[in-house]
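Right, one structure below, let's go through it.
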Amino acid sequence: MSKLGFPVFDADNHLYETEDAFTRHLPSRHKGLFKYVQVNGRTKIAVDNVISDYIPNPTFEVVARPGALADYFEGNNPEGKSQREIIGKPMHAIDAFRSAGPRLRLLDELGLDAALMIPTLASLLEVRLTDDPDLTCTVIRAFNEWLHDEWKFDYSGRIFATPIVNPCIPERGIAELEWLLDKGARVVLLRPAPVAGYRGTRSPFLAEFDPFWARVAESGVLVILHASDSGYQRHVNDWEGSSRELEAFKPRPFNDAVTPGRAINDAVTSAIAHGMLSRFPAVKLASIENGGNWVTGCVKALEKTYAKMPQAFTEHPRDVFLRNVWVNPFWEDSIKDLVDFMTPDHILFGSDYPHPEGMADPLGWAKEIGELFPAADVQKMMGANMYQLLGLA
């Protein structure tokens, strides 16, 4: 029983990958695609011989402490410290960050009855392979096999790892989905971004991908759109005259001001404006770790477009959004307006544990929202909604 007296389901827990996560099941013909290399005494990951700084320490031997950046994300930084200074002394990664058995015991300590378990380093994969759909599908399968080895997709009915799907080649996307469903997956992870293509990227919600979404709808599997490297750094680079990759822990003012919420806004807008959610109204999309501040602007923009060209839609976009989309707000968000707009039935609790930008004490959010909403609504947002989305009692 949860420490709160009702079941708590955390929609945003994270795992830290082992060094063979991308290579254990990668076909031998792609040997060398992923390598760990030494750069000035630090270990970095190289993808197709391009060194990445996306994650400062991709081995995760040493990690920032859970919730170390709480003050930063609350806007409490009067001394102007860097993220590195605020993070402070790191810790050695514990077994519970790496494997399911120890994590189950940690969930008990944290007072969590269940959790989605979302990858960390894997969020760099697809953006670096956007010109090669076939290789994208191959790498995704290799990673998903590792994920099933180490975590399973349904561990004791409490830990639900989130394997990756990508319909860039529809028949391979469907085959991957079938494999995941056969292995017990209740939830899948789709990057909120265009998918790979040989002649440029395109939205995964265009009609050419309908066979994939038809199978998603038929299966009832939940699709989460989790914050990732969605490739939007290129827009920042256009303004700043640079060629940087996204670096998770090196924020810059312009990037911080213009990019939050942008990728998820575009993804959900595409799912509605390109008609996928109307063609397949049973599809469930959950926005995880994208915050909630983007929601109102997204819906207002769609409403304005609908007013100008209603003939381009089969349904009012606001109705589609409120039917098909669930949102996990940031713990530091002011959420009263969001909950009033979406209703408590479409809000999900997620702590981002054990990331430094997450919550050291995941149950702390329950106290905050308990001062704003009735107990029945708090129970929905803290867990009941996720149980229902996954079809669990």
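Picking from residues in segment 81-95 that are basic (Lys, Arg) and over 24 Å from the mean Cα position of the chain (by Cα), the one that is surrounded by the most Cβ atoms within 10 Å (Cβ to Cβ) is 81. Scanning segment 235-247 for residues that are of a type in the set (Val, Ile, Thr) and part of a loop (DSSP other than H, G, I, E, B) turns up nothing. Looking only at residues of segment 181-195 that are touching a strand residue (DSSP E or B) at 6+ places or on another chain (Cβ under 6 Å) and of a type outside the set (Val, Ile, Thr), we find that the one that is farthest from residue 233 (Cα to Cα) is 186.
Cβ-Cβ distances below 7 Å connect the following pairs, each with a first residue in segment 366-393 that is aromatic (Phe, Trp, Tyr), a second residue that is surrounded by 12 or more Cβ atoms within 10 Å (Cβ to Cβ), and a separation of six or more residues or different chains: 373/339; 373/344; 387/7; 387/9.
Just one residue in the set 171, 150, 178 is modelled with pLDDT of 95 or more, over 26 Å from residue 276 (Cα atoms) and over 18 Å from the mean Cα position of the chain (by Cα); that residue is 150. The criterion of being touching a helix residue (DSSP H, G or I) at 6+ places or on another chain (Cβ under 9 Å), within 18 Å of residue 14 (Cα to Cα) and open to solvent by 10 Å² or more (accessible area, probe 1.4 Å) does not hold for residue 72.
Restricting attention to segment 26-55, the residues that are surrounded by fewer than 16 Cβ atoms within 10 Å (Cβ to Cβ) and either part of a loop (DSSP other than H, G, I, E, B) or small (Gly, Ala, Ser) (or both) total 8. Within segment 328-343, the set of residues being assigned to a loop (DSSP other than H, G, I, E, B) and either open to solvent by less than 50 Å² (accessible area, probe 1.4 Å) or modelled with pLDDT of 95 or more (or both) comprises 328, 329, 331, 333, 335, 343.
On the given criteria, is residue 228 touching a Pro at 6+ places or on another chain (Cβ under 8 Å), hydroxyl-bearing (Ser, Thr, Tyr), open to solvent by 10 Å² or more (accessible area, probe 1.4 Å) and at pLDDT below 95? The answer is yes for residue 228. Surrounded by fewer than 21 Cβ atoms within 10 Å (Cβ to Cβ), at positive phi and not acidic (Asp, Glu): does that describe residue 391? Yes; evaluated as a whole, the condition is true for this residue. When 317, 310, 344 are screened for being closer than 30 Å to residue 184 by Cβ and of a type outside the set (S, T, N, Q), only 344 passes. Scan segment 165-200 for residues that are outside any helix (DSSP H, G or I), open to solvent by less than 50 Å² (accessible area, probe 1.4 Å) and under 14 Å from residue 222 (Cβ atoms) and the total you get is 7. Scanning segment 362-381 for residues that are touching a strand residue (DSSP E or B) at 6+ places or on another chain (Cβ under 9 Å) and within 16 Å of residue 109 (Cβ to Cβ) yields one hit, 362. Can you pull out the residues in segment 66-107 that are of a type in the set (Asp, Glu) and not in a loop (DSSP other than H, G, I, E, B)? Selection gives 71, 85, 95.
The values are calculated or read from the model by the stated rules, or taken from the named source; none is laboratory data. Everything numeric in this text was worked out from a predicted model, so none of it was measured. All Cβ positions, glycine included, derive from the backbone under ideal geometry; neighbour counts span all protein chains shown. Side chains included, ligands, DNA and RNA excluded: accessible areas come from the protein's heavy atoms. Shrake-Rupley method; radii C 1.70, N 1.55, O 1.52, S 1.80 Å.
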